């Protein structure tokens, strides 16, 4: 939207089936049909504040063998990507890491990361990969403390973050 938010929505399967059936029926009878006229039929999966107006959003694969991502560009020249997680383990690890980083890392802009990413709407369905990448720039003792709380080694966490980044580029 014009405030710098990205939303990802999806039609529930039942509604999608109804739309398909209605299109088949209307094309067979040459009639125009309204689908109940309800304004809110989609489920919101993602709400994320980028911080700049998004000017382009495309579903692309950035190379052979890479996963498809939602790639976006912003009015100030920023480029970002939304990557779907392939496993629940990756999701849980990065969510836990993000939570620990919010507690350990001081806010860079004076605003808490969660408050910033939720500027207009509450953050939903997204793990901030750029924020998680700050883990690699932390002092080793802080990395060890966070890794111990996550029952991992700092090397395992760094490797997982690198794997996620390499799935995009």
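Given a cut-off of under 8 Å on Cα pairs at least six residues apart, what relative contact order in percent is computed for the range 60-114?
18
Could you please rank 43, 130, 90, placing first whichever residue has the fewest other Cβ atoms within 10 Å of its Cβ? Working shown, then result.
Working: 43 11, 130 8, 90 15.
Ranked by crowding around the Cβ, least crowded first: 130, 43, 90.
What does the highest-first list of 94-102, 72-80 look like by mean Cβ count within 10 Å?
My ranking of the peptides, most packed first, is 94-102, 72-80.
Which of 148, 141, 104 has the fewest other C-beta atoms within 10 Å, and how do the rest follow up to the most?
141, 148, 104
Can you give me the distance in nm between label points at residue 57 and residue 105, each placed 7 Å from the Cα along the Cα-to-Cβ direction?
Here the answer is 2.4 nm between the modelled labels.
Going by how many other Cβ atoms sit within 10 Å of their own, how do 157, 168 line up, fewest first?
Ascending number of Cβ neighbours within 10 Å: 168, 157.
Suppose the chain between residue 2 and residue 156 were pulled fully straight at 0.36 nm per residue; how much longer would it get relative to their current alpha carbon spacing?
Extra length available between residue 2 and residue 156 comes to 51.5 nm.
No lab work stands behind these numbers, since they all come straight from the coordinates. The structure displayed is predicted, hence computed values, not measured ones. Don't worry about glycine lacking a Cβ; one is built from the backbone with ideal geometry, like all the others, and counts go over all protein chains shown.
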